[in-house]
Amino acid sequence: VQLQASGGGLVQAGGSLRLSCHASGINFGIKAMNWHRQAPGKERELVATISRDSTTNYTDSVKGRFAISRDNARRMVYLQMNNLNPEDTAVYYCNTQHWGRNFWGKGTQVTVSS
């Protein structure tokens with residue numbers, strides 16, 4: 001299983017970024033996919049999930065600002081992040097579970113300046 005995330009960067013508060021994650025080695029269409037983030041000095045937290053039928057869930061702090069989506073044909077999951085604020089600064093990780101194990105992509109850094 002390989003997860004490759006991209007799309008992070010430096011953005012000013014109020015700006016937008018779109019993260020992308022390509023998955024291989026799994027039957028992508030039947031997998032729930034997740035985005036997590038870890039800010040400096042904090043524990044990793046679940047940000048957004050999308051189920052196999054595209055039902056989505058978000059942590060409260062990003063509701064109304066972030067949108068997770070998937071493209072099964074391309075084996076991609078996306079995280080559209082709007083109205084970013086400095087508290088969103090973190091390393092963002094793509095994640096899924098397969099055969100009872102968690103798999104993580106290499107994180108992508110998102111930095112929001114005030």
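The values are calculated or read from the model by the stated rules, or taken from the named source; none is laboratory data. These figures come from a predicted structure and were not determined experimentally. Ideal geometry is used to build each Cβ from the backbone, glycine not excepted, and the neighbour counts take in all protein chains shown. Heavy atoms of the whole protein, side chains included, go into the accessibility calculation; ligands, DNA and RNA do not. Shrake-Rupley method; radii C 1.70, N 1.55, O 1.52, S 1.80 Å.
Overview of values
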item: Residue check, residue 74 more than 20 Å from residue 112 (Cα to Cα), more than 13 Å from the chain's Cα centre (by Cα) and open to solvent by 30 Å² or more (accessible area, probe 1.4 Å); result: yes
item: Residue match in the range 76-88 (condition: in contact (Cβ under 8 Å) with a residue 12 or more places away in the chain and out of contact with any Ser or Thr (no Cβ under 9 Å at 6 or more places or on another chain)); result: no
item: Pick from the range 77-94, criterion assigned to a strand (DSSP E or B) and under 13 Å from residue 64 (Cα atoms), ranking: most open to solvent (accessible area, probe 1.4 Å); result: 80
item: Selected residue [surrounded by fewer than 13 Cβ atoms within 10 Å (Cβ to Cβ) and closer than 17 Å to residue 6 by Cβ] from 63, 42, 106; result: 106
item: Residues located in the range 79-114, provided they are touching a Lys or Arg at 6+ places or on another chain (Cβ under 7 Å) and of a type in the set (Val, Ile, Thr); result: 91, 96
item: Residue that is most open to solvent (accessible area, probe 1.4 Å), among those in the range 1-27 that are in a loop (DSSP other than H, G, I, E, B) and closer than 15 Å to residue 79 by Cα; result: 16
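Residue by residue, here is whether (1) out of contact with any strand residue (DSSP E or B) (no Cβ under 7 Å at 6 or more places or on another chain); (2) charged (D, E, K, R); (3) over 22 Å from residue 101 (Cα atoms) holds:
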| residue | (1), (2), (3) |
| --- | --- |
| 12 | no, no, yes |
| 16 | no, no, yes |
| 24 | no, no, no |
| 45 | no, yes, no |
| 57 | no, no, no |
| 60 | yes, yes, yes |
| 63 | yes, yes, yes |
| 74 | yes, yes, yes |
| 79 | no, no, yes |
